[in-house]
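First comes the structure, then the notes that go with it.
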Amino acid sequence: MSAPINLTGKRFGKLLVRKRGPNNSEGRATWYAECDCGLCPINAIPGKDLRNSHTQSCGCIRRDLLSESRTIDLRGKIFGRLTALEIVGTSPHGNKIWRCKCSCSETSFKDVPSDLLISKHTKSCGCLRPDEGAYNRKDMAGKRYNRLTGVRHLFTNKQKQAIWLFKCDCGRDTRKRAYSVRNGATKSCGCLHSERASTWMSWLIEQGIAGNAGDRPERFEQEPEYANRKSCIYFVEADIGEGSIYDKIGITFGFPSRKAAGKFSEVWWLKRNIPRSVAWSVEQAALQITRESRPKRLSAGWREYGGKTELREGLAIDETCELLEELLTECIDMGWKEFYKRYIQKEKQTIQAPSSQKPNESP
(Lines give C-alpha, C1' and ligand atoms only; values in the text may rest on other atoms or scores of the structure.)
Protein backbone atom coordinates (compact mmCIF):
# COMPACT_ATOMS: atom_id res chain seq x y z
CA MET A 1 0.00 0.00 0.00
CA SER A 2 1.49 3.29 -1.14
CA ALA A 3 1.91 6.31 1.11
CA PRO A 4 2.50 9.15 -1.35
CA ILE A 5 2.73 11.96 1.18
CA ASN A 6 4.49 9.98 3.87
CA LEU A 7 7.17 12.33 5.23
CA THR A 8 9.05 9.65 7.20
CA GLY A 9 12.78 9.83 6.46
CA LYS A 10 12.51 13.11 4.56
CA ARG A 11 14.64 16.14 5.41
CA PHE A 12 13.42 19.71 5.78
CA GLY A 13 16.27 22.09 6.57
CA LYS A 14 17.89 20.77 9.77
CA LEU A 15 14.95 18.50 10.56
CA LEU A 16 14.80 14.77 9.79
CA VAL A 17 11.31 13.26 10.03
CA ARG A 18 11.22 10.06 12.11
CA LYS A 19 7.57 9.01 12.22
CA ARG A 20 3.94 10.11 12.02
CA GLY A 21 2.49 11.85 15.05
CA PRO A 22 -1.11 12.37 16.20
CA ASN A 23 -3.39 14.98 14.69
CA ASN A 24 -3.22 18.27 16.56
CA SER A 25 -6.14 20.20 18.05
CA GLU A 26 -7.00 21.59 14.61
CA GLY A 27 -7.16 18.11 13.11
CA ARG A 28 -3.89 18.57 11.19
CA ALA A 29 -1.38 15.76 10.76
CA THR A 30 1.86 16.14 12.74
CA TRP A 31 5.24 14.46 12.34
CA TYR A 32 7.98 13.71 14.86
CA ALA A 33 11.21 15.29 13.60
CA GLU A 34 14.74 15.38 15.00
CA CYS A 35 16.98 18.43 14.61
CA ASP A 36 20.65 18.18 13.56
CA CYS A 37 21.72 20.29 16.54
CA GLY A 38 20.87 17.39 18.88
CA LEU A 39 20.03 19.80 21.69
CA CYS A 40 16.25 19.47 21.60
CA PRO A 41 13.95 16.46 21.96
CA ILE A 42 12.02 15.16 18.99
CA ASN A 43 9.03 17.46 18.41
CA ALA A 44 5.66 16.88 16.73
CA ILE A 45 5.42 19.43 13.89
CA PRO A 46 2.43 20.05 11.57
CA GLY A 47 3.11 18.58 8.13
CA LYS A 48 2.06 21.82 6.47
CA ASP A 49 4.79 23.76 8.27
CA LEU A 50 7.39 21.27 7.07
CA ARG A 51 6.24 21.13 3.45
CA ASN A 52 6.03 24.90 2.98
CA SER A 53 9.45 25.43 4.70
CA HIS A 54 7.90 27.42 7.55
CA THR A 55 9.70 25.21 10.09
CA GLN A 56 13.26 24.11 9.29
CA SER A 57 14.78 23.56 12.75
CA CYS A 58 13.94 23.22 16.42
CA GLY A 59 14.58 26.94 16.69
CA CYS A 60 18.36 26.78 16.67
CA ILE A 61 18.64 28.60 13.33
CA ARG A 62 16.82 31.56 14.81
CA ARG A 63 18.85 31.41 18.01
CA ASP A 64 22.12 31.31 16.09
CA LEU A 65 21.02 34.24 13.96
CA LEU A 66 20.05 36.30 16.99
CA SER A 67 23.29 35.46 18.77
CA GLU A 68 25.33 36.44 15.74
CA SER A 69 23.38 39.66 15.17
CA ARG A 70 23.97 40.75 18.77
CA THR A 71 27.73 40.27 18.76
CA ILE A 72 29.04 40.72 15.21
CA ASP A 73 30.43 44.07 14.11
CA LEU A 74 28.58 45.16 10.97
CA ARG A 75 30.42 48.46 10.54
CA GLY A 76 31.20 49.07 6.85
CA LYS A 77 29.37 45.94 5.65
CA ILE A 78 26.91 46.17 2.77
CA PHE A 79 23.41 44.67 2.79
CA GLY A 80 21.70 45.26 -0.55
CA ARG A 81 21.74 49.05 -0.92
CA LEU A 82 22.49 49.68 2.76
CA THR A 83 25.92 50.22 4.32
CA ALA A 84 26.12 49.93 8.11
CA LEU A 85 27.73 53.01 9.70
CA GLU A 86 27.30 53.04 13.49
CA ILE A 87 25.26 51.67 16.39
CA VAL A 88 22.54 54.07 17.52
CA GLY A 89 20.59 51.95 20.01
CA THR A 90 19.20 48.56 21.01
CA SER A 91 15.89 47.01 19.96
CA PRO A 92 13.36 45.58 22.48
CA HIS A 93 14.61 42.10 21.50
CA GLY A 94 18.21 42.94 22.39
CA ASN A 95 19.55 43.46 18.85
CA LYS A 96 21.82 46.38 18.01
CA ILE A 97 20.23 49.05 15.87
CA TRP A 98 22.55 50.22 13.09
CA ARG A 99 22.33 53.49 11.22
CA CYS A 100 22.74 52.66 7.54
CA LYS A 101 23.29 54.79 4.48
CA CYS A 102 21.33 53.90 1.35
CA SER A 103 23.04 54.11 -2.04
CA CYS A 104 19.99 55.73 -3.66
CA SER A 105 20.86 59.17 -2.25
CA GLU A 106 23.58 60.96 -0.33
CA THR A 107 21.02 62.09 2.26
CA SER A 108 19.14 58.79 2.65
CA PHE A 109 19.67 57.01 5.99
CA LYS A 110 17.74 54.27 7.79
CA ASP A 111 18.05 52.76 11.29
CA VAL A 112 17.75 48.96 11.09
CA PRO A 113 18.04 46.20 13.75
CA SER A 114 21.02 43.94 13.11
CA ASP A 115 18.92 40.77 12.75
CA LEU A 116 16.96 42.30 9.86
CA LEU A 117 20.21 43.19 8.09
CA ILE A 118 21.80 39.75 8.52
CA SER A 119 18.62 37.92 7.45
CA LYS A 120 18.41 40.21 4.37
CA HIS A 121 14.89 41.19 5.34
CA THR A 122 15.77 44.88 4.92
CA LYS A 123 17.93 45.82 1.93
CA SER A 124 17.14 49.49 1.31
CA CYS A 125 15.60 52.61 2.78
CA GLY A 126 12.39 51.67 0.97
CA CYS A 127 13.44 52.74 -2.50
CA LEU A 128 14.03 49.21 -3.75
CA ARG A 129 10.39 48.15 -4.05
CA PRO A 130 9.34 50.85 -6.54
CA ASP A 131 12.48 50.11 -8.57
CA GLU A 132 11.56 46.42 -8.70
CA GLY A 133 8.15 47.36 -10.09
CA ALA A 134 9.77 49.53 -12.75
CA TYR A 135 12.17 46.69 -13.57
CA ASN A 136 9.24 44.34 -14.14
CA ARG A 137 7.51 46.78 -16.47
CA LYS A 138 10.62 47.26 -18.56
CA ASP A 139 11.85 43.69 -18.48
CA MET A 140 8.68 41.89 -19.61
CA ALA A 141 7.71 44.00 -22.61
CA GLY A 142 8.32 41.95 -25.75
CA LYS A 143 9.64 39.00 -23.75
CA ARG A 144 8.22 35.51 -24.27
CA TYR A 145 7.12 33.27 -21.38
CA ASN A 146 5.87 29.88 -22.61
CA ARG A 147 2.84 30.83 -24.76
CA LEU A 148 2.63 34.43 -23.51
CA THR A 149 4.42 37.52 -24.83
CA GLY A 150 4.49 40.66 -22.69
CA VAL A 151 2.77 43.70 -24.22
CA ARG A 152 2.60 46.38 -21.53
CA HIS A 153 2.12 47.00 -17.82
CA LEU A 154 -1.52 47.83 -17.00
CA PHE A 155 -1.66 48.58 -13.27
CA THR A 156 -0.64 47.43 -9.81
CA ASN A 157 -3.39 45.87 -7.70
CA LYS A 158 -4.11 46.34 -3.99
CA GLN A 159 -1.72 43.49 -3.15
CA LYS A 160 1.06 45.45 -4.94
CA GLN A 161 1.19 42.87 -7.73
CA ALA A 162 1.98 44.07 -11.23
CA ILE A 163 -0.78 43.22 -13.74
CA TRP A 164 0.38 42.93 -17.35
CA LEU A 165 -1.29 42.58 -20.73
CA PHE A 166 -0.01 39.55 -22.63
CA LYS A 167 -0.51 38.24 -26.12
CA CYS A 168 -1.07 34.48 -26.23
CA ASP A 169 0.03 32.27 -29.11
CA CYS A 170 -3.64 31.44 -29.76
CA GLY A 171 -4.20 35.13 -30.61
CA ARG A 172 -6.04 36.13 -27.47
CA ASP A 173 -5.12 39.12 -25.28
CA THR A 174 -5.15 38.35 -21.58
CA ARG A 175 -4.38 40.07 -18.26
CA LYS A 176 -2.14 38.14 -15.86
CA ARG A 177 -0.04 38.75 -12.77
CA ALA A 178 3.59 39.36 -13.72
CA TYR A 179 4.87 37.16 -10.90
CA SER A 180 2.74 34.17 -11.96
CA VAL A 181 3.93 34.43 -15.55
CA ARG A 182 7.60 34.85 -14.70
CA ASN A 183 7.74 31.91 -12.31
CA GLY A 184 5.97 29.63 -14.80
CA ALA A 185 2.73 29.12 -12.85
CA THR A 186 0.80 30.74 -15.71
CA LYS A 187 1.78 29.54 -19.18
CA SER A 188 -1.09 30.65 -21.41
CA CYS A 189 -4.36 32.57 -21.54
CA GLY A 190 -6.10 29.33 -20.60
CA CYS A 191 -5.94 27.60 -23.99
CA LEU A 192 -3.33 25.17 -22.70
CA HIS A 193 -5.77 23.92 -20.05
CA SER A 194 -8.44 23.50 -22.74
CA GLU A 195 -6.17 21.37 -24.94
CA ARG A 196 -5.48 19.03 -22.04
CA ALA A 197 -9.17 18.55 -21.27
CA SER A 198 -9.77 15.87 -23.92
CA THR A 199 -7.70 13.28 -22.04
CA TRP A 200 -9.58 14.01 -18.84
CA MET A 201 -13.00 13.71 -20.47
CA SER A 202 -11.93 10.46 -22.15
CA TRP A 203 -11.00 8.99 -18.79
CA LEU A 204 -14.30 10.12 -17.23
CA ILE A 205 -16.26 8.45 -20.01
CA GLU A 206 -14.25 5.25 -19.73
CA GLN A 207 -14.98 5.15 -15.99
CA GLY A 208 -18.67 5.77 -16.60
CA ILE A 209 -18.57 8.99 -14.63
CA ALA A 210 -19.19 11.70 -17.24
CA GLY A 211 -22.78 12.85 -17.41
CA ASN A 212 -23.91 10.79 -14.42
CA ALA A 213 -22.94 13.07 -11.52
CA GLY A 214 -25.50 15.22 -9.72
CA ASP A 215 -23.60 18.32 -10.89
CA ARG A 216 -23.83 18.89 -14.64
CA PRO A 217 -24.42 21.86 -16.97
CA GLU A 218 -27.94 20.75 -17.84
CA ARG A 219 -28.97 20.83 -14.19
CA PHE A 220 -27.39 24.23 -13.66
CA GLU A 221 -29.40 25.64 -16.59
CA GLN A 222 -32.66 23.99 -15.51
CA GLU A 223 -32.26 24.83 -11.82
CA PRO A 224 -30.80 28.36 -11.45
CA GLU A 225 -31.37 28.26 -7.71
CA TYR A 226 -29.18 25.15 -7.43
CA ALA A 227 -26.55 26.63 -9.77
CA ASN A 228 -26.25 29.70 -7.51
CA ARG A 229 -26.26 27.75 -4.25
CA LYS A 230 -23.19 28.71 -2.21
CA SER A 231 -20.50 26.04 -2.07
CA CYS A 232 -16.89 25.56 -1.04
CA ILE A 233 -14.02 24.58 -3.32
CA TYR A 234 -10.93 23.23 -1.62
CA PHE A 235 -7.47 21.70 -1.93
CA VAL A 236 -6.71 19.52 1.09
CA GLU A 237 -4.78 16.55 2.44
CA ALA A 238 -7.18 13.61 2.81
CA ASP A 239 -6.65 10.89 5.41
CA ILE A 240 -9.14 8.16 6.32
CA GLY A 241 -6.81 6.51 8.81
CA GLU A 242 -5.35 3.74 6.62
CA GLY A 243 -1.79 5.09 6.56
CA SER A 244 -1.97 6.40 2.99
CA ILE A 245 -2.51 10.13 2.61
CA TYR A 246 -3.48 11.89 -0.59
CA ASP A 247 -4.09 15.40 -1.88
CA LYS A 248 -7.69 16.12 -2.89
CA ILE A 249 -9.34 18.83 -4.99
CA GLY A 250 -13.08 18.95 -4.51
CA ILE A 251 -16.27 20.87 -3.81
CA THR A 252 -18.86 20.55 -1.07
CA PHE A 253 -21.78 22.29 0.56
CA GLY A 254 -20.63 21.36 4.06
CA PHE A 255 -16.87 21.72 4.39
CA PRO A 256 -16.80 22.25 8.18
CA SER A 257 -18.63 18.95 8.78
CA ARG A 258 -16.23 17.04 6.54
CA LYS A 259 -13.20 18.47 8.31
CA ALA A 260 -14.72 17.72 11.70
CA ALA A 261 -15.23 14.10 10.59
CA GLY A 262 -11.46 13.78 10.28
CA LYS A 263 -11.31 13.23 6.51
CA PHE A 264 -9.18 16.32 5.90
CA SER A 265 -5.94 16.41 7.90
CA GLU A 266 -4.55 19.54 6.19
CA VAL A 267 -6.29 22.42 4.42
CA TRP A 268 -4.01 24.00 1.81
CA TRP A 269 -6.54 26.22 -0.02
CA LEU A 270 -10.22 26.99 0.56
CA LYS A 271 -12.75 29.37 -0.96
CA ARG A 272 -16.25 29.70 0.49
CA ASN A 273 -19.52 31.14 -0.86
CA ILE A 274 -18.79 30.22 -4.47
CA PRO A 275 -21.80 29.48 -6.76
CA ARG A 276 -22.10 25.73 -7.29
CA SER A 277 -21.83 26.05 -11.08
CA VAL A 278 -18.57 28.01 -10.78
CA ALA A 279 -17.10 25.70 -8.14
CA TRP A 280 -17.88 22.59 -10.20
CA SER A 281 -16.44 24.05 -13.40
CA VAL A 282 -13.19 25.06 -11.68
CA GLU A 283 -12.94 21.68 -9.96
CA GLN A 284 -13.30 19.80 -13.27
CA ALA A 285 -10.65 21.95 -14.97
CA ALA A 286 -8.21 21.56 -12.07
CA LEU A 287 -8.69 17.77 -11.96
CA GLN A 288 -8.00 17.59 -15.67
CA ILE A 289 -4.78 19.58 -15.40
CA THR A 290 -3.52 17.43 -12.52
CA ARG A 291 -4.66 14.11 -14.03
CA GLU A 292 -1.09 12.79 -14.31
CA SER A 293 -0.91 12.87 -10.50
CA ARG A 294 -3.76 10.39 -10.02
CA PRO A 295 -2.82 7.61 -7.56
CA LYS A 296 -1.62 4.45 -9.27
CA ARG A 297 -3.00 2.10 -6.61
CA LEU A 298 -5.65 2.42 -3.93
CA SER A 299 -6.36 0.19 -0.93
CA ALA A 300 -9.82 -1.28 -0.34
CA GLY A 301 -10.73 1.56 2.01
CA TRP A 302 -9.74 4.22 -0.48
CA ARG A 303 -11.49 2.43 -3.36
CA GLU A 304 -14.74 2.73 -1.40
CA TYR A 305 -14.03 6.41 -0.66
CA GLY A 306 -16.73 8.60 -2.18
CA GLY A 307 -14.33 11.16 -3.66
CA LYS A 308 -11.66 8.81 -5.03
CA THR A 309 -11.72 10.40 -8.51
CA GLU A 310 -10.59 13.67 -6.91
CA LEU A 311 -7.51 12.16 -5.22
CA ARG A 312 -4.03 13.18 -6.30
CA GLU A 313 -0.52 12.39 -5.04
CA GLY A 314 2.60 14.53 -4.71
CA LEU A 315 1.13 17.85 -5.88
CA ALA A 316 3.26 20.96 -5.32
CA ILE A 317 1.25 22.94 -2.79
CA ASP A 318 2.14 26.50 -3.85
CA GLU A 319 1.77 25.77 -7.58
CA THR A 320 -1.59 24.04 -7.12
CA CYS A 321 -2.95 26.90 -5.00
CA GLU A 322 -1.76 29.33 -7.67
CA LEU A 323 -3.48 27.26 -10.37
CA LEU A 324 -6.78 27.19 -8.49
CA GLU A 325 -6.67 30.95 -7.96
CA GLU A 326 -6.09 31.50 -11.69
CA LEU A 327 -8.91 29.15 -12.74
CA LEU A 328 -11.37 30.62 -10.24
CA THR A 329 -10.63 34.18 -11.33
CA GLU A 330 -11.02 33.25 -15.00
CA CYS A 331 -14.28 31.37 -14.42
CA ILE A 332 -15.80 34.28 -12.50
CA ASP A 333 -14.67 36.79 -15.15
CA MET A 334 -15.77 34.61 -18.08
CA GLY A 335 -18.91 33.08 -16.59
CA TRP A 336 -19.31 29.36 -15.91
CA LYS A 337 -21.07 28.64 -19.22
CA GLU A 338 -18.27 30.06 -21.37
CA PHE A 339 -15.68 28.51 -19.09
CA TYR A 340 -17.37 25.11 -19.44
CA LYS A 341 -17.66 25.41 -23.23
CA ARG A 342 -14.02 26.34 -23.52
CA TYR A 343 -12.51 23.69 -21.27
CA ILE A 344 -14.89 20.74 -21.35
CA GLN A 345 -17.81 20.78 -23.77
CA LYS A 346 -15.85 20.88 -27.02
CA GLU A 347 -13.57 18.04 -25.95
CA LYS A 348 -16.52 16.00 -24.64
CA GLN A 349 -18.35 16.30 -27.98
CA THR A 350 -15.19 15.32 -29.86
CA ILE A 351 -14.79 12.17 -27.77
CA GLN A 352 -18.48 11.15 -27.77
CA ALA A 353 -19.13 11.78 -31.47
CA PRO A 354 -17.88 8.36 -32.70
CA SER A 355 -19.99 6.52 -30.06
CA SER A 356 -22.89 6.07 -32.53
CA GLN A 357 -20.64 4.05 -34.87
CA LYS A 358 -20.20 0.33 -34.60
CA PRO A 359 -16.79 -0.89 -33.36
CA ASN A 360 -15.58 -1.97 -36.79
CA GLU A 361 -17.34 0.75 -38.78
CA SER A 362 -15.14 3.46 -40.28
CA PRO A 363 -16.25 7.09 -40.23
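General observations
- Among the residues of region 58-77, those that are at pLDDT 80 or above and touching a helix residue (DSSP H, G or I) at 6+ places or on another chain (Cβ under 9 Å) comprise Leu74, Lys77.
- When Cys189 is tested against (1) surrounded by 15 or more Cβ atoms within 10 Å (Cβ to Cβ); (2) at pLDDT 75 or above; (3) more than 23 Å from the chain's Cα centre (by Cα), just one condition goes unmet, and that condition is (3).
- Residues satisfying the stated conditions in region 198-251, i.e. at pLDDT below 85, among the β-branched types (Val, Ile, Thr) and either in a loop (DSSP other than H, G, I, E, B) or touching a strand residue (DSSP E or B) at 6+ places or on another chain (Cβ under 9 Å) (or both): Ile209, Ile240, Ile245
- Residues that are surrounded by 13 or more Cβ atoms within 10 Å (Cβ to Cβ), of a type in the set (A, V, I, L, M) and part of a loop (DSSP other than H, G, I, E, B) were ranked within region 22-48; the one that is modelled with the highest pLDDT is Ala29.
- If the condition is being surrounded by 18 or more Cβ atoms within 10 Å (Cβ to Cβ) and closer than 18 Å to Ile72 by Cβ, then region 84-115 contributes Ala84, Asn95, Lys96, Trp98, Cys100, Val112, Pro113, Ser114, Asp115.
The values are calculated or read from the model by the stated rules, or taken from the named source; none is laboratory data. Note that the structure is a prediction, hence the values are computed from the model and not measured. Heads up, the Cβs are rebuilt from the backbone with ideal geometry, glycines too, and the neighbour counts pull from every protein chain shown.
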